[in-house]
Amino acid sequence: MNKPAILTVVQHPDLKQIIHTHLQNQLAQVIEAACYRDVLQHYDILKFQLLILESPWADGADTLKLAEHARSRDRRFPIILVTSSGSKKLAISALRLGLKDYFEFPFPTCELVQAVTRCLEIRRKLSCSAEAACLSGMQPLIGSSRAMANLKAYLPKAAGVDSHVLITGDTGTGKELTAQFIHRQSKRANQPFVAINCAAMPDSLLESELFGYEKGAFTGAQSDHMGKLKMAHGGTVFFDEIGDMSCLAQAKILRLLETREIYPLGGKKSVSLDIRIIAATNRNLEKMVLTKEFRDDLYFRLNVARVRLPSLRERKEDIPDLLNYYLK
């Protein structure tokens with residue numbers, strides 16, 4: 001049975017020791033974030049069930065702003081705030097944000113353990129409910145038309161074979177939901193699912209964001225940074241709108257597919273990766289290959305399993321099912 005994951009951003013050595021002794025390996029797997037930037041990246045990428053924040057932070061980062069950011073993504077996501085210099089104002093602000101628990105250090109360790117246990121149990125129940133809904137086929141596979149019936153029959157087959165997948169379809173047909181469905185039905189379901197928007201990835205940030213960097217690789221690189229591809233090790237990477245990927249990025253991804261390894265910026269050794277790629281586009285890649293806008297060798301490597309999503313105008317008989325789903 002996989003243990004739930006907890007993300008912590010704690011600097012106080014005594015707090016770290018408490019977490020390591022009483023939470024790590026007993027209740028959950030603890031992932032430590034080195035800085036607030038890492039918290040935001042982990043939150044968007046990894047599947048964890050609880051966030052433990054320390055306030056104040058040594059570099060003056062706004063703890064409550066970070067908590068508000070996390071809560072804006074999921075209002076039910078539990079956050080525990082711990083502080084070594086608490087105040088009435090901080091406690092009230094935490095309460096207003098809906099944080100689950102607030103502890104002023106020093107505090108009885110058993111109370112923290114109880115709070116963590118309670119939060120993890122709530123998340124477990126929510127996760128079971130979500131999994132049951134997924135297995136019922138309600139989302140994303142809504143509809144009983146012939147087009148949807150064919151899609152429902154094909155997706156489990158595509159998920160069961162650990163090959164790269166290319167999803168095509170108009171904007172709004174549910175390409176990312178389909179990618180998530182394939183991931184959840186695959187043998188990589190318990191590993192990370194990392195979504196990358198190719199249209200929003202400038203070449204200037206390409207290597208640092210995807211491949212990461214080591215401390216001292218460039219001015220401002222004060223600590224190692226794990227790129228998004230390394231975060232997805234063992235899981236699935238979803239390249240959304242891959243038709244908008246630059247030529248430079250295409251060459252980098254092609255090399256990754258060929259060698260299954262990356263070089264972080266400033267690194268002297270390669271890092272092996274085990275990832276499955278699901279790519280999606282609303283553009284005609286075959287035409288782009290002919291006009292040299294998209295690399296033919298990358299296209300053929302991605303187009304192993306092909307999923308075409310029908311537009312709503314092709315399955316109008318599904319409109320009542322969709323309306324009932326959203327009304328409920």
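The values are calculated or read from the model by the stated rules, or taken from the named source; none is laboratory data. Since the model is a prediction, treat every value here as computed from it, not as a measurement. Cβ placement follows ideal geometry from the backbone for every residue including glycine, while neighbour counts extend to all protein chains displayed. When the accessible area is computed, the model is the full protein with side chains, heavy atoms only, and any ligands, DNA or RNA have been set aside. Shrake-Rupley method; radii C 1.70, N 1.55, O 1.52, S 1.80 Å.
Data overview
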| quantity | calculated |
| --- | --- |
| Amide H contacts under 5 Å for Ile52, placed H, 5+ residues apart | Leu7, Thr8, Val9, Ile80 |
| Karplus (6.51, -1.76, 1.60) ³J(HN,Hα), θ = phi - 60°, over the stretch 305-320, in Hz, Gly and Pro reported as x | 10, 10, 10, 9, 8, x, 6, 5, 5, 8, 9, 4, 5, 8, 4, x |
| nm² value of the averaged projected area, convex hull over the Cα atoms of the stretch 233-317 | 7.1 |
| Mean Cβ neighbour count within 10 Å, used as a protection proxy, ranking 88-94, 235-241 highest first | 235-241, 88-94 |
| Where Tyr154, Tyr326, Tyr299 fall by accessible area, highest first, once all protein chains stay in place (1.4 Å) | Tyr326, Tyr154, Tyr299 |
| Positive-pole candidate from Phe294, Ser270, Pro202, dipole of the stretch 192-328, charges at beta carbon | Ser270 |
| Estimated distance in nm for a label pair at His12 and Glu104, the labels positioned 7 Å out from Cα along Cα-to-Cβ | 1.1 |
| Considering only the stretch 209-315, percent of DSSP beta bridges that pair antiparallel, nearest 5 | 40 |
